[in-house]
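Structure record follows, encoded as structure tokens.
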Amino acid sequence: MKKMLVAYDGSDASKKAIELAKQCADKDDEITLLTVVPAELAESSFTKMLLPTIDLSSIVKSGSFKDKARESLSKIVRDLETEFAKVNVAVEDGDPADEILISAKKAGADIIVVGYKGYGKEGRFLLGSVTDKVVRHAGVSVIVVR
């Protein structure tokens, strides 16, 4: 039995990651679908700079991004329940790469499956790369799906 953690952010690459996990799975395998809501999504200084007079806490209810993520994942889970012995869902907030690494460890994952986003060398230097950080710091094998 394998335990897989698949990072899902709704992108085409993360959808391909789920498809690859399905192709590699046996009926007795376990999968954890993880979505990470960046902690700064609603409270970033950039957002505050653009909208200085708006109190975001009055617009964005606590947990609303996580609730939307869970709703999105629930549709995918129904499809995966026929492919895997056990399907887990995790929605965390924080740094995406850190949360992927922490969640993989918590789940006892044997493998992490992530999508690749091609920002190029300049973008990777400026923006950082979730995939790059996961590959460099993971204690288990990582499959990067293009």
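Cβ-Cβ contacts under 6 Å between residues 6 or more apart (or on different chains), taken from a first residue in segment 9-27 that is surrounded by 12 or more Cβ atoms within 10 Å (Cβ to Cβ) to a second residue that is of a type outside the set (A, V, I, L, M, F, W, C), are listed as Ser11/Gly115; Ala13/Gly115; Ala13/Tyr116; Ser14/Tyr8; Ser14/Gly115; Ala17/Gly115; Lys22/Glu83; Ala25/Glu83.
Pairs linking a residue in segment 101-112 that is under 13 Å from Ala7 (Cα atoms) and free of Cβ contacts under 8 Å to residues at least 60 places away in the same chain to a residue that is surrounded by fewer than 15 Cβ atoms within 10 Å (Cβ to Cβ) and among the small types (Gly, Ala, Ser), with Cβ atoms under 9 Å and 6 or more positions apart or on different chains, are Leu101/Gly139; Ile102/Gly94. Among residues of segment 59-87 that are surrounded by 12 or more Cβ atoms within 10 Å (Cβ to Cβ), those with a beta-carbon under 7 Å from a residue that is at pLDDT 90 or above and part of a helix (DSSP H, G or I) at least six positions away or on a different chain give the pairs Ile76/Ile18; Glu83/Lys22; Val87/Val77; Val87/Leu80. Taken together, the residues in segment 2-40 that are in contact with an Asp or Glu (Cβ under 6 Å, 6 or more places away or on another chain) and modelled with pLDDT of 80 or more amount to 6. From the set of residues in segment 41-90 that are farther than 15 Å from Ile18 by Cα and acidic (Asp, Glu), which is modelled with the highest pLDDT? Among them, the one singled out is Glu71.
Take the conditions of a type outside the set (Asp, Glu) and modelled with pLDDT of 95 or more and apply them to Ala97. Does it pass?
no
Could you grab me the full set of residues in segment 68-93 that are assigned to a helix (DSSP H, G or I) and polar (S, T, N, Q)?
Ser72, Ser74
The values are calculated or read from the model by the stated rules, or taken from the named source; none is laboratory data. Only a predicted model underlies this, so the values are computations on that prediction, with no experimental measurement involved. With ideal geometry, Cβ positions are generated from the backbone for all residues, glycine too; neighbour counts draw on all protein chains shown.
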